[in-house]
Amino acid sequence: DYGYAGITYAADHGASVINCSWGGAGGGQLGQDVIDYATINKDALVVAGAGNSGVDDMFYPAGYTYVLNVASTNSSDEKSGFSNFGYAIDLCAPGELIYATDNNNGYTYMSGTSMASPVAAGCAALVRAEYPFLDAMQTAEQLKVTCDNIYPVNQSIYQDKLGAGRINLFSAVSGITQPSIVMIERNVSDGGDEAFVVDDTLSIDGIFTNYLAPAGSVTATLTAQSSNVQIIDGTTSLGAIAAFGGSADNAADPFTVKILSGATVNEKVTFELELTDGSYNTTIFFQIIVNVDYINITINDVATSITSKSLTGFNDFSIQLEGLGFIYPYSILGTGTNILFDCGLMVGTTNNVSDNVRTTGGGTDEDFVAVNNVQRLPVPVFSEFDVEGDFNDAGSGTPLGIDIAHKAFAWTETGHRKYVIVEYDITNNSGGTLSALYAGLYADWDINEYDKNKGGTVQDRRLGYIYDTQTEGVWAGMQVVSTSGDFVHNAMFNNATDDPSGSGVYPNTSYGTPDKYASLSTMSMTSGGTGVGKDVCNVVSTGPFTLTAGESVIVAFAIMAGDDLDDISETADSAYTKYNPCTDVIATSSPTDENCGGARSEERRVGKECRSRWSPDH
């Protein structure tokens, strides 16, 4: 957090080059927003080390768009053994046995991409001094196009994964003679639901900007590293592209690619886009995930993805790929902002919880596995966009023995455009009885500045919400719309250090089985403290249930977003009545064993009967 604050501080105070000899795994929108601000708003070039794990993996902030991502080489121009590599690398710089100052008022030899990055940053500063008319991105491109080719002295496994080569400062300050063409925007579409599955034909086009010398006649050729896609049309002409910001696009002549039946589930296909113009040649690498096991829902004012293994938003929250997150406000003319980090179903008894959400230590549990991947019904039955699939908890070392039929619904009609409903029909196939069982959704909402969020509860609407405390902020909510169990909302701080009470559940600190069950079964009405807020999350759940062998229960939740509390409250009322068409009142009293004829008991009876007619396959 302090690193990103430091980038902002340096940019605000006139830095033209900012070195970042730090970082870690996992990106996020906040970090990208900081980079965007420094680069675009303040014209500061951010330079960062690629990481020291020796792997082909992303490291942040180096992996963000607009950052100059620097790997390390030794004195022989070979990749340092410790240095990360990959298609995201921009260039290399010496990073082994660099003589530098240390913390004891002396000098020592140090190695790491933390040493390579400041070498590149120093070169960038000299380029900006030599060519003061270059902006931050043009400076980075000048360093890249003047690199020395080091691929002949490196192993073939690093081919194209060390960026443009090793930095050459003398060449960089000896003239601007080469174009540097970058694909600044890429559009990929299947002309339908934008979930790319077998037999889909993808259309790929982009906007190409030339940052440096003029280009006379640019040709673009697309190839793929997978035999599971077929390039139908892989060539386009971009023509001449003017210097220092000229652009071209291939919208009128897009590349077309067909996904073949051999594609594996969620296969990440790497594409190579070669651009040539006389002696100028560069290759742009990008990946598209095909044969996906998730469905994107984009028909109303919120957009999200329903996965085959119990998660909503993303299949892999750590890199926020394979899904849309939860976007609000969404428009086909231009999307809004993703406000969700991760979200997923948890089902548990006192000493056993099944889920695929985060766990202690930063990883994820992987208890739920797909039985039938989610798919959109070609003719919707219940809503305007029906999704269904099945999964179970066979991935757990200690499974509950449950099978879950999963559905999702969305509408476009007025009053119903700001939510999606997810439904889970949970069947006990363990052979025994499951007691004190709760089912709920965990969600970590990161709305604008993630550390300025708060949580609250509207108990009579069975609604838990998180909101951004800034003026005209955004609100997100999760509501129990099924009527077979009680409502629980656990509004949590993500980090124990943020909660003055010290008595809650803190998923970033500890989120094992006891913590997860506590968050499913315990009410906590608010989070975020008294100031501008903190990094918060929540669980909205229902229960407790007792399921004998073979018995089932249906639980359902509306996930929503809006502009203020009144907005999401009205949306919650709409979602509840849409799911329970025989009632428009959410009862506020809970029945007891002695008072089984109370308001909610009647609501349960009527609601269940209406749902059985509305959803006959149950």
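For the reader, a short list of remarks on this structure follows.
- Stokes-Einstein D for the range 298-342, Kirkwood Rh over Cα pairs, 20 °C, 1.002 mPa s (µm²/s): 206 µm²/s
- Most to least packed among 197-208, 471-482 [average Cβ atoms within 10 Å]: 471-482, 197-208
- Under the span-like rule (Cα at least 18 Å along the axis, Kyte-Doolittle mean at least 0.0), DSSP H helices of the chain: 113-130
- Lysines whose Cα lies under 25 Å from that of K578, excluding same-chain neighbours fewer than 8 positions away: K407, K418, K608
- The fraction of Cα-Cα pairs per 5 angstrom bin, counted from 0 for the range 374-474, comes to 2, 9, 13, 15, 16, 16, 16, 9, 3, 1, 0 percent, rounded to whole percents.
- Its Cα gyration tensor gives the range 160-207 an equivalent ellipsoid, and the semi-axes of that ellipsoid, as √(5λ) in whole Å with the largest first, are 38, 13, 7.
- Estimated FRET transfer efficiency when R0 is 56 angstrom, pair L377-L97 (beta carbons, to 0.05): 0.35
- The mean accessible area for residues of the chain, using a 1.4 Å probe and ignoring ligands and nucleic acids, is 41 Å² per residue.
- If the segment from T433 to Q230 were pulled out straight at 0.36 nm per residue, it would be longer than the present Cα-Cα gap by 68.0 nm.
- Model label points for T546 and S503, set 7 angstrom from Cα along the Cα-to-Cβ axis, are 3.0 nm apart.
- Spacing of the modelled spin labels on A251 and T219, each 7 Å from Cα toward Cβ, amounts to 2.6 nm.
- Net +/- balance of residues flanking G239 in space, Cβ distance below 14 Å, scoring K and R +1, D and E -1: -3
- Fully extended contour minus Cα-Cα distance, from D566 to N168, at 0.36 nm per residue: 137.4 nm
- Relative protection proxy for 503-511, 99-107, from highest mean packing down: 503-511, 99-107 (other beta-carbon atoms within 10 angstrom).
- As a rough guide to protection, the peptides 490-496, 423-429, 305-311, 525-531 ranked by mean Cβ packing within 10 Å, highest first, stand as 305-311, 490-496, 423-429, 525-531.
- Relative contact order [Cα under 8 Å, 6+ residues apart], the chain, whole percent: 8 percent
- Kirkwood radius for the range 1-155, taken over all pairs of different Cα atoms as the inverse mean of 1/r, rounds to 15.6 Å.
- The spread of Cα positions in the chain, taken along each principal axis and listed from longest to shortest, comes to 88, 61, 46 Å.
- The residue among A129, Y158, S189 whose Cα reaches farthest toward the positive pole of the charge dipole of the range 76-197, with charges on the beta-carbon of Lys, Arg, Asp and Glu, is A129.
- A viscosity of 1.567 mPa s and a temperature of 4 °C, combined with the Kirkwood radius over C-alpha pairs in the Stokes-Einstein formula, give the range 139-268 a diffusion coefficient of 76 µm²/s.
- For a modelled paramagnetic label at L260, 7 Å from Cα along Cα-to-Cβ, the residues of the range 173-201 in reach, with backbone nitrogen under 15 Å, are 198-201.
- Check: the range 157-201 dipole with +1 on Lys, Arg Cβ and -1 on Asp, Glu Cβ, in debye: 660 debye
- Full extension of the chain between V198 and A129 gives 19.7 nm of extra length, using 0.36 nm per residue less the Cα-Cα distance.
- The range 376-471 - percent of accessible surface contributed by carbon and sulfur, probe 1.4 Å: 45 percent
- Using the Cβ of G325 as centre and a radius below 10 Å, the other residues enclosed give a net charge of -2, where K and R count +1 and D and E count -1.
- Positive contributions from Lys and Arg (+1) and negative ones from Asp and Glu (-1), summed over other residues with Cβ under 13 Å from the Cβ of I284, come out at -4.
- Note on the range 65-112: with neighbouring protein chains present and a 1.4 Å probe, carbon and sulfur make up 44 percent of its accessible heavy-atom surface.
- Label-point separation in nm, I40 to S76, each point 7 Å along Cα→Cβ: 4.4 nm
- Dipole moment magnitude, nearest 20 debye, the chain about Cα centre, only Lys, Arg, Asp, Glu C-beta charged: 480 debye
- The radius of gyration of the Cα set in the range 232-307, together with its Dmax, comes out at 17.0, 48 angstrom.
- Take the Cα radius of gyration of the range 107-161 and divide it by 2.2 N^0.38 Å, N being the number of residues; the result is 1.40.
- Lysines whose Cα lies under 24 Å from that of K268, excluding same-chain neighbours fewer than 8 positions away: K161, K258, K309
- Inverse of mean 1/r across different Cα pairs in the range 198-259, Kirkwood, Å: 12.6 Å
The values are calculated or read from the model by the stated rules, or taken from the named source; none is laboratory data. Nothing here was measured: the structure is a model prediction, and the numbers come from that model. Note that each Cβ is placed from the backbone with ideal geometry, even for glycine, and that neighbours are counted across all protein chains shown. Side chains included, ligands, DNA and RNA excluded: accessible areas come from the protein's heavy atoms. Shrake-Rupley method; radii C 1.70, N 1.55, O 1.52, S 1.80 Å.
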